[in-house]
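Working notes for the structure below.
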Amino acid sequence: MFSKLLKRLNGSMPRSTPVALEKQQTTHRICFVLPNEKWELVIEFEDGHRLFKASIAREEFDWQELAYPHKLKNLVYTEKRIHWPGSRILGADYLYEKSVPLPPESLQFENLRLGYQNQAPSDKHPSHHVYCVYLYPFHEKPFAIGESIGGGHAEMGYSVNYTLAELLALPDWKRHFELSGGAWAVPLVSNANEPKVLLKQLVEMVCQREGGTQ
């Protein structure tokens, strides 16, 4: 009787709502989620890191909004699930089964944009002078700050990775954050004691801000 009822419920639910992806008891637990800049989720489980492509959920559940980076990033997570607005929920076991292992040598290059803003015209370029800040949570130097000047084949600029201590030692890091559109992160970074805790806070804040809740 229960199986018939479940079948009826499953058949009555819209295609965009995944059924039974979040269980009361899950085999795998989510520890951390990083939405990267390639339409993917880097998910840390208890037994290692795995890579989940957003295209899987787009195609399987017709969640076309996940084709937009800001909407993909607008997520919250618990140890059991990842949740997007509109009751878009994927359970930990489903994510584990649909993802692939991410080796340590690749993990260090996974990143998330904290700030990216064009300040042109400037004294260096009339139309393209971008300041940027990226987070590399799995890198030994997780804070990357840089400038993109000119763009295209005539690209000028730089990008340098820093530890938290090295970043705080830079005399103009706050100004660079502000010019990149990341002024909101300055108080968090200034008062940080533990780099790993700070990185988790910053990633979660980026995800929240992508939802327009600044």
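Across the stretch 175-203, what is the number of residues that are in contact (Cβ under 8 Å) with a residue 12 or more places away in the chain, within 18 Å of R113 (Cβ to Cβ) and part of a helix (DSSP H, G or I)?
14
So which strands (runs of 3 or more DSSP E) are wholly in the stretch 1-69 and hold at least 3 residues that are modelled with pLDDT under 95? Full working, then the answer.
Numbers: elements: 30-35, 40-45, 48-53.
Here the list is empty.
Out of the residues in the stretch 147-174 that are assigned to a strand (DSSP E or B) and at pLDDT below 95, state the one that is nearest to V197 (Cα to Cα). Outline the logic, then answer.
Taking the stretch 147-174 and keeping what is assigned to a strand (DSSP E or B), we get 147-149, 156-162.
Add one more test, that the residue is at pLDDT below 95, and what stays is 147-149, 156-159.
Numbers: E147: 27, S148: 29, I149: 33, M156: 34, G157: 30, Y158: 27, S159: 24 Å.
Restricting to residues being assigned to a strand (DSSP E or B) and at pLDDT below 95, the top hit is S159.
Somewhere in the stretch 126-135, is a residue of a type in the set (V, I, T), assigned by TED's automatic domain parsing to the domain that holds E204 and touching a Ser or Thr at 6+ places or on another chain (Cβ under 8 Å)?
Initially, the stretch 126-135 is screened for residues of a type in the set (V, I, T), giving 130, 133.
Subset that is assigned by TED's automatic domain parsing to the domain that holds E204: 130, 133.
Next, only the ones that are touching a Ser or Thr at 6+ places or on another chain (Cβ under 8 Å) stay: 130, 133.
Yes: one or more hits.
Given the condition buried (at least 17 other Cβ atoms within 10 Å of the Cβ), closer than 29 Å to L102 by Cβ, aromatic (F, W, Y) and touching a helix residue (DSSP H, G or I) at 6+ places or on another chain (Cβ under 8 Å), answer yes or no: does some residue in the stretch 159-174 qualify?
Checking the stretch 159-174: not a single residue is buried (at least 17 other Cβ atoms within 10 Å of the Cβ), closer than 29 Å to L102 by Cβ, aromatic (F, W, Y) and touching a helix residue (DSSP H, G or I) at 6+ places or on another chain (Cβ under 8 Å).
Give just the number: which of (1) closer than 22 Å to H70 by Cα; (2) more than 15 Å from the chain's Cα centre (by Cα) does V203 not satisfy?
Every condition holds for V203 apart from (2).
Could you figure out which of (1) surrounded by 19 or more Cβ atoms within 10 Å (Cβ to Cβ); (2) closer than 30 Å to R50 by Cβ isn't true of Y116?
(1)
Tell me whether the stretch 197-204 contains one or more residues that are more than 23 Å from E40 (Cβ to Cβ), of a type outside the set (A, V, I, L, M) and in contact with a helix residue (DSSP H, G or I) (Cβ under 7 Å, 6 or more places away or on another chain).
No, the stretch 197-204 contains no residue that is more than 23 Å from E40 (Cβ to Cβ), of a type outside the set (A, V, I, L, M) and in contact with a helix residue (DSSP H, G or I) (Cβ under 7 Å, 6 or more places away or on another chain).
Being touching a residue at least 40 places away in the same chain (Cβ under 8 Å), surrounded by fewer than 18 Cβ atoms within 10 Å (Cβ to Cβ) and not in a strand (DSSP E or B) narrows it down to one of E79, E97, so name that one. Explain how you work it out, then say what you get.
Values: E97 fails: touching a residue at least 40 places away in the same chain (Cβ under 8 Å).
Every option except E79 fails the conditions.
The values are calculated or read from the model by the stated rules, or taken from the named source; none is laboratory data. Remember, it's a predicted structure, so these values are computed and weren't measured experimentally. Positions of Cβ are generated from backbone atoms using ideal geometry, with glycine treated the same way; all protein chains shown enter the neighbour counts.
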